[in-house]
1. For the range 68-107, give me every one of the strands (runs of 3 or more DSSP E) that falls completely inside it and has 3 or more residues that are within 17 Å of THR133 (Cβ to Cβ), in contact with a helix residue (DSSP H, G or I) (Cβ under 8 Å, 6 or more places away or on another chain) and not charged (D, E, K, R).
2. For LEU177, work out the one condition from (1) more than 19 Å from THR74 (Cβ to Cβ); (2) surrounded by fewer than 20 Cβ atoms within 10 Å (Cβ to Cβ) it doesn't fulfil.
3. I need the full set of residues from the range 195-224 which are touching a strand residue (DSSP E or B) at 6+ places or on another chain (Cβ under 9 Å), surrounded by fewer than 20 Cβ atoms within 10 Å (Cβ to Cβ) and more than 13 Å from ALA294 (Cβ to Cβ), in order please.
4. Would you confirm whether or not the range 143-164 contains a residue that is under 30 Å from GLY220 (Cα atoms) and outside the structural domain of THR258 (by TED's automatic domain parsing)?
5. Find the residue count for the range 142-171, including only residues that are part of a loop (DSSP other than H, G, I, E, B) and over 16 Å from PRO110 (Cβ atoms).
6. Residues to consider are GLY286, GLY220; find the one that is farther than 30 Å from SER98 by Cβ, outside the structural domain of PHE77 (by TED's automatic domain parsing) and without any contact (Cβ under 8 Å) to a residue 60 or more places away in the chain.
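The values are calculated or read from the model by the stated rules, or taken from the named source; none is laboratory data. Predicted, not measured: the structure shown is a model, and the values here were computed from it. As a convention, Cβ positions derive from the backbone with ideal geometry for all residues, glycine included, and neighbour counts pool all protein chains shown.
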Amino acid sequence: MWRYLHTVYPRLNPLVAVMLCALFAAGCASTQAAPEQTSGPTPLTASAALGDYATVDYCSLLDVPAVAPGAVETPTFETCRADAAGRTILVGPLAFDSDPNIRPYPYPGPVPDGVAVQQSMFNDRSACTRAITFADGNRLDLSVTDAGDDQASRCGIADAAVGSALTAITAGKVGRLTFPDRSWGQVAPCVLLDQPDLEAVAGRGSRPATGLSGHSCIRGKVGFKLTVQTDEPSAPSETLGGRPAVVRPAGAFCLVDTTQPAQGLPGRRELAELSVVETAGTAGDGTCAQARTAANTIFPLLPTP
């Protein structure tokens with residue numbers, strides 16, 4: 001290196017030459033490619049697992065022949081319900097709020113990276129509830145309910161349902177719902193709640209907030225969801241907003257339901273359910289009067305078949 005520098009730069013100061021030699025030596029030294037950064041498995045989020053929340057076919061997550069042979073399944077916009085011999089299996093809905101009833105437990109099956117399977121102690125005398133909580137904190141609830149007292153049997157089926165859902169998710173077999181023209185599955189519920197006439201019922205300054213699936217919305221005291229009816233109403237019908245409707249109190253809520261035929265699901269009906277909450281206790285006549293007022297505003301905006 002010194003001879004090369006001295007030939008090119010005959011007047012080069014020896015000290016500078018030594019420094020250049022060191023610099024060139026460092027620069028010309030053989031280099032090795034930096035080792036590739038290896039990363040572990042990517043924690044599984046709900047969106048990566050399920051895709052578009054608004055079109056998830058939750059019945060594609062439930063292997064009925066394996067989990068509940070003979071059960072009859074009903075897909076809704078936010079759940080899958082399977083019924084057999086007095087027992088109901090429910091897959092869904094998605095949730096993102098914290099639930100103080102949820103606790104860890106030793107789920108016996110494999111779990112994707114970043115996913116936790118937990119249990120809920122709520123209503124555990126007649127139901128066994130599991131929650132698949134994804135890396136982003138969103139969770140998929142699953143429950144098994146019956147009138148018996150065999151909790152071990154219920155929880156065995158619930159664990160089988162969890163395994164079925166995780167198998168479908170990791171295999172990329174999550175199905176999609178398709179909504180025909182004029183189906184309420186195509187309706188954005190928050191658009192219907194964003195009406196000036198609802199402020200008196202919902203609360204001054206209230207704004208609509210959509211649910212995780214996109215098929216439900218809350219504005220102040222008023223809630224509104226669109227799904228598929230799974231239970232026949234027992235209360236008498238009346239006309240609200242130009243539609244047959246059923247009004248019924250349920251604890252702190254007054255609910256108003258109206259339905260239309262569900263295209264593609266023979267014998268089933270799409271359900272629009274409006275609720276008004278009584279913040280001071282149990283819903284009464286005053287709460288239901290407000291619910292009727294809200295229904296008269298919202299129901300005329302729903303498409304008809």
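1. Values: elements: 72-75, 80-84, 87-95, 102-104.
Of the strands (runs of 3 or more DSSP E) lying wholly inside the range 68-107, those with at least 3 residues that are within 17 Å of THR133 (Cβ to Cβ), in contact with a helix residue (DSSP H, G or I) (Cβ under 8 Å, 6 or more places away or on another chain) and not charged (D, E, K, R) span 87-95.
2. (1)
3. If the condition is that a residue be touching a strand residue (DSSP E or B) at 6+ places or on another chain (Cβ under 9 Å), surrounded by fewer than 20 Cβ atoms within 10 Å (Cβ to Cβ) and more than 13 Å from ALA294 (Cβ to Cβ), then ARG207, ALA209, THR210, LEU212 are the ones that fit.
4. Going through the range 143-164, the residues under 30 Å from GLY220 (Cα atoms) turn out to be 143.
From what is left, the residues that are outside the structural domain of THR258 (by TED's automatic domain parsing) are 143.
The answer is yes, given that some residue of the range 143-164 is under 30 Å from GLY220 (Cα atoms) and outside the structural domain of THR258 (by TED's automatic domain parsing).
5. First, pick out the residues of the range 142-171 that are part of a loop (DSSP other than H, G, I, E, B): 146-150, 171.
Then keep just the ones that are over 16 Å from PRO110 (Cβ atoms); that gives 146-150.
Qualifying residue count, the range 142-171: 5.
6. Details: GLY220 fails: farther than 30 Å from SER98 by Cβ.
On inspection, the qualifying residue turns out to be GLY286.
Residues are listed down the side, and each one gets a yes or a no for (1) part of a strand (DSSP E or B); (2) modelled with pLDDT of 95 or more:
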{"site": "THR230", "(1), (2)": "no, no"}
{"site": "GLU238", "(1), (2)": "yes, yes"}
{"site": "PRO244", "(1), (2)": "yes, yes"}
{"site": "VAL247", "(1), (2)": "yes, yes"}
{"site": "LEU255", "(1), (2)": "yes, yes"}
{"site": "GLN263", "(1), (2)": "no, no"}
{"site": "THR287", "(1), (2)": "no, yes"}
{"site": "ARG292", "(1), (2)": "no, yes"}
{"site": "THR304", "(1), (2)": "no, no"}
